[in-house]
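All of the numbers you see were taken from the coordinates with simple rules; none came from a lab. Since we're looking at a predicted model, the values are computed, not measured. FYI the Cβ positions are ideal-geometry reconstructions off the backbone, even for glycines, and counts take in every protein chain you see.
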Amino acid sequence: SSEELWLSYSQPLNNKLKETYTSKIKHIQIKTFSETGEIIKTELQMLATKMLDTSISFTSTTPQIIIAKIDNLDSKFKQKINSQSLVNNESFIIQTITVHQKDLLIITGKTDISLLYGTYCFIKQLQLHKDISSISITDSPKIQLRILNHWDNLDGTVERGYAGFSIWDWHLLPGFKKEIYYEYARANASIGINGTVLNNVNSNAYILTSPYLQKVKTLADIFRPYGIKVYLTARFSAPIELGKLPTADPLNEEVIQWWKSKISEIYKEIPDFGGFLIKANSEGQPGPNTYGRSHVEGANMLATLLEPYQGVVMWRAFVYSEQQSEDRAKQAFNEFAPFDGAFKENVLVQVKNGPIDFQPREPYHPLFGAMPKTSLMMEFQITQEYLGQGSHLVFLPKLYEEVLSTDTYAKGKGSTIAKIIDGELYQDHRITGMAGVANIGTETNWTGHPFAQANWYGFGRQAWDPTTSAESIAKEWLSMTFTTDSLFIQQMTPLLINSREAVVNYMTPLGLHHIMNAEHHYGPGPWIANMSRPDWNSIYYHRADSLGLGFDRTQTGSNALEQYPKEIQEQFSNIHTIPEAYLLWFYHVPWDFKMKNGHTLWYTMAWYYQQGVNEVKNMQQTWEHMQPYVNNDIYQDTRMLLEIQYSEAQWWRNACLLYFQQFAKMPLPEFIPEIP
Ligand code: GCW
């Protein structure tokens, strides 16, 4: 069986707290008889056994805690609860009330799932060693669809997965219900994830055949009591591959009929099936364009058929064409922005956080803010395709936070991306969503790198509330996973927080991007120049020459900048006012350009590369002192991984500086150690 992630309940706890907690949770009444109720009971019992060496009685007539749906609460309790604050079906309230001079803790909400969420939140207070004597917490998710995207293939491999193979055992399903499916659901429910797309967006139509749908049904049945819906990637050409039709034209009557009966078959098996995720006409995937139809025609055809079942279509905006000479960074915007308002209401357009592809740092995707009449859904990558994959420690909530808090000015100052994707900016009952490309696999610790678990955890927290700070997530995750010891938290929180800037610095400082090695995307490769498509080459992006470095995306170049709002254009269209973090994304900058620090571009770039290396060294030094706080396996594994990260940070620095030096023709600054 696999590791219990942030839910092991095994952190050290002093005797006093142990006694206090024990005395407060001995008698619990759970007034729901659903499967979810059983899950709640099991979870609380697990907490009691592992954390408190005790057991809970669920039969007492004088409970200290009552867990019940608001409609099942005795009216004398209910009147003490502000049920107005239960704003949706997943909201919960945890509140201490006083009855006959005695404290009673109530966990309530409108649905069983809300009770499960409330229970996990309550448990978290104990994991964080909080005072629970007068607890009062009301919470509800700000985003409706909080979804993992698995890029899992039916043969068990995971595209861009660095933690082993797919956890879905298609061979043994539907008969064999592996323990890991339940553990997966438990972990996700604990952070509020309520949907999962089981298969890769580069998809295989076979997932839609009847035998596979039986397997999918089994997973859906397991996940349902945890509040998790199942979604699938649908291959747009499935009517040809499975239906033997001559076309997959979305306006063709037979094609529509095929999808209609397929969808009805799915819902017969899985009545709460979530819907389809689709990658169309991108990187060789089939789509409506193949038949002269638009993304809207493709998406709306499926959306119309899913609508009677409350299903959704998540249509990806990650498109860039082989035939186009236009700057790749501009293409998704050009293709999708004109369709604003044309998609049906149950279509979400799923947009990656940046306009290229999950780089260590990108400016935000200009579609955010540019499609006010469309539900835009965020796609983050949790798996670290371009960020050191399975071997580098990079705390991604810091990256997510940067994106989510970015101002798009779409409706004036303060129009952050968080407010766009959680719908706050529009107030029109649209569907809201956030997807994360999962980093989960068959490794016993789920994610390969022990610290990659934090990225799964953090994604869930920020999908629940996109204003959650990276720092609070770091503290929570560290405390829940290892120990609440303040010395540990004080040292490890900055390590996590700074790890994101470190990777930017040693891989792609100052707005550099897409200079990794080809295909596997691991390690440096600024020299990559002979891929089959120009926009798969590193030289396409950095444009190094004797004059300078960087991609001119201002008016004198591709003018991708014009896709951003005027407030951003104003700041970015001046080489002296653009934030230096985005300099080489938008400008071709002379090697001897004077930077804010008074030094040349060349010198400053070298400084950042060195800074990245130094930051990893700092991480190593901090980690050396962490041995007392974590178990020996984690200590040793992380130590070895940091060593790899350190030598690879040097590899990136050396490779990039030596490569660019042939154009810059300037000496390496004195602080760069001799490169062998
Ligand atoms: O990041 C790129 C990856 C592909 C991926 C594609 C996408 C699933 O290199 O492996 O395909 O993006 O997001 O569709």
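Would you kindly state how much longer the chain becomes between Asp340 and Thr42 on full extension, computed as 0.36 nm times their sequence separation minus their alpha carbon distance, in nm to one decimal?
Working: separation 298, 0.36 × 298 = 107.28 nm, distance 4.68 nm.
That pair, Asp340 and Thr42, stretches by 102.6 nm at full extension.
May I ask for the distance between the Cα centers of region 233-291 and region 560-581, given as a whole number of Å?
Measuring centre to centre over Cα atoms gives 41 Å.
Based on the mean of other Cβ atoms within 10 Å per residue, sort peptides 214-220, 318-324 so the most packed one is first. Write down the numbers at each step before the final one.
Details: 214-220: 19.9, 318-324: 15.6.
Descending mean neighbour count gives 214-220, 318-324.
Enumerate the residues in region 56-90 having an amide nitrogen under 20 Å from the point lying 7 Å beyond the Cα of Lys130 toward its Cβ.
Output list for this probe position: 64-68, 81-88, 90.
Calculate, for Val99 and Glu19, the FRET efficiency according to 1/(1 + (r/R0)^6) with r their C-beta to C-beta distance and R0 25 Å; round to the nearest 0.05.
Given R0 = 25 Å and the Cβ-Cβ separation, E is 0.60.
What share of the DSSP beta bridges in the chain is antiparallel, in percent to the nearest 5? Present the calculation step by step, with values, prior to reporting the outcome.
Working: 18 of 59 bridges.
If I count the DSSP bridges inside the chain, around 30 percent turn out antiparallel.
State log₁₀ I(q)/I(0) for region 461-596 at q = 0.18, 0.19 Å⁻¹ as given by the Debye formula over alpha-carbon point scatterers of equal weight, solvent excluded.
Log10 of I(q)/I(0), two decimals: -1.04, -1.08.
Label-point separation (nm) for Thr61 and Glu562, each offset 7 Å from Cα along Cα-to-Cβ?
7.9 nm
Along the positive direction of the dipole of the chain (beta-carbon charges: Lys, Arg +1; Asp, Glu -1; about the Cα centre), which of His513, Tyr226, Tyr364 reaches farthest?
The residue sitting farthest along the positive end of the dipole is Tyr226.
Grab the Cα-Cα distance for Ser83 and Asn517, subtract it from 0.36 nm times how many residues apart they are, and report the gain in nm with one decimal. Before the final figure, lay out each step's value.
On the way: separation 434, 0.36 × 434 = 156.24 nm, distance 5.50 nm.
Extra length from Ser83 to Asn517 when fully extended: 150.7 nm.
Taking only C-alpha pairs under 8 Å that are 6+ residues apart, what is the relative contact order of the chain in percent?
About 11 percent, as a whole number.
Which order do the peptides 49-61, 183-195 come out in when sorted by mean C-beta neighbours inside 10 angstrom, highest first?
Values: 49-61: 13.9, 183-195: 23.2.
Per-residue mean Cβ counts within 10 Å order the peptides as 183-195, 49-61.
Under the √(5λ) rule applied to the eigenvalues of the Cα gyration tensor, what semi-axes describe the equivalent ellipsoid of region 605-676? Give them in Å, descending.
Details: eigenvalues 197, 24, 11 Å².
Here the semi-axes work out to 31, 11, 7 Å.
Please work out the FRET efficiency for the pair Gln427 and Thr157, using the Cβ-Cβ distance as r and a Förster radius of 51 Å; give the result to the nearest 0.05.
Numbers: r = 43 Å, r/R0 = 0.85.
The calculated FRET efficiency here is 0.75.
For every helix of n ≥ 4 consecutive DSSP H residues, a contribution of -39,500 (n - 2.57) applies; sum these over the chain, divide by its total residues, and give [θ] at 222 nm rounded to the nearest 500 deg cm²/dmol. Write out the running numbers ahead of the final one.
On the way: 20 runs with 249 residues, N = 676.
Calculated mean residue ellipticity at 222 nm is -11500 deg cm²/dmol.
Residues of region 102-132 with amide nitrogen under 14 Å from the 7 Å Cα-to-Cβ point of Lys76?
102-104
Tell me the angle of helix 112-127 to the major Cα principal axis of the chain, expressed in degrees between 0 and 90 and rounded to the nearest ten.
Its long axis makes an angle of about 80 degrees.
So, with +1 on the Cβ of K and R and -1 on the Cβ of D and E, and no other charges, what is the size of the charge dipole of region 560-676 about its Cα centre, to the nearest 20 debye? Can you show the working numbers first?
Values: 7 positive and 13 negative charges, 65 e Å.
That gives a dipole near 320 debye.
Any idea what angle helix 486-507 forms with the longest principal axis of the chain, computed on alpha-carbon atoms, 0 to 90 degrees, nearest 10?
Around 30 degrees separate the two axes.
Give me the dipole magnitude in Debye, nearest 20, for region 5-139 about the Cα centre, with unit charges on the beta carbon: positive for Lys and Arg, negative for Asp and Glu.
Numbers: 15 positive and 12 negative charges, 71 e Å.
Value, rounded to 20: 340 debye.
Using only Cα atoms, what is the ratio of the radius of gyration of region 306-452 to 2.2 N^0.38 Å?
Numbers: Rg = 16.3 Å, N = 147, 2.2 N^0.38 = 14.7 Å.
For region 306-452, the normalised Cα radius of gyration is 1.11.
Compute the label zone of Asn618 within region 390-407: residues whose backbone N is under 17 Å from the point 7 Å along Cα-to-Cβ.
Once the point is set 7 Å along Cα→Cβ of Asn618, 393-396, 398-399 turn out to lie under 17 Å by backbone N, inside region 390-407.
Once fully extended, how much extra length lies between Gln627 and Ile539, figured as 0.36 nm per residue of separation less the alpha-carbon to alpha-carbon distance? Please list the in-between numbers first.
On the way: separation 88, 0.36 × 88 = 31.68 nm, distance 4.34 nm.
27.3 nm is the gain from fully extending Gln627 to Ile539.
Say the cut-off is 21 Å between C-alpha atoms; which of Lys142/Lys411; Lys373/Lys411; Lys229/Lys268; Lys41/Lys215; Lys78/Lys102; Lys31/Lys76 go over it?
Numbers: Lys142/Lys411 19 Å; Lys373/Lys411 13 Å; Lys229/Lys268 15 Å; Lys41/Lys215 28 Å; Lys78/Lys102 16 Å; Lys31/Lys76 16 Å.
Those over the limit are Lys41/Lys215.
Tell me the Kirkwood hydrodynamic radius of region 5-139 in angstroms, computed as one over the mean inverse distance between distinct C-alpha pairs. Write down the numbers at each step before the final one.
On the way: mean 1/r = 0.0671 Å⁻¹.
One over the average 1/r among Cα pairs gives 14.9 Å for region 5-139.
Arranged from highest to lowest average of other beta-carbon atoms within 10 Å per residue, in what order do the peptides 474-480, 514-520 appear?
Values: 474-480: 22.6, 514-520: 17.3.
Highest mean packing first, the order is 474-480, 514-520.
What distance in nm separates the simple spin-label points at Ser10 and Asn202, each placed 7 Å from Cα in the Cβ direction?
3.7 nm
Largest first and to the nearest Å, give the Cα extent of the chain along each principal axis.
That works out to 82, 67, 50 Å along the principal axes.
Can you say what percent of the DSSP beta bridges in region 5-139, counting only those with both residues inside, are antiparallel? Round to 5.
Details: 12 of 21 bridges.
The answer is about 55 percent antiparallel.
Calculate how steeply helix 632-664 sits against the longest principal axis of the alpha-carbon atoms of the chain, using the helix alpha-carbon long axis, and give the answer as 0 to 90 degrees to the nearest 10.
That helix lies at roughly 20 degrees to the long axis.
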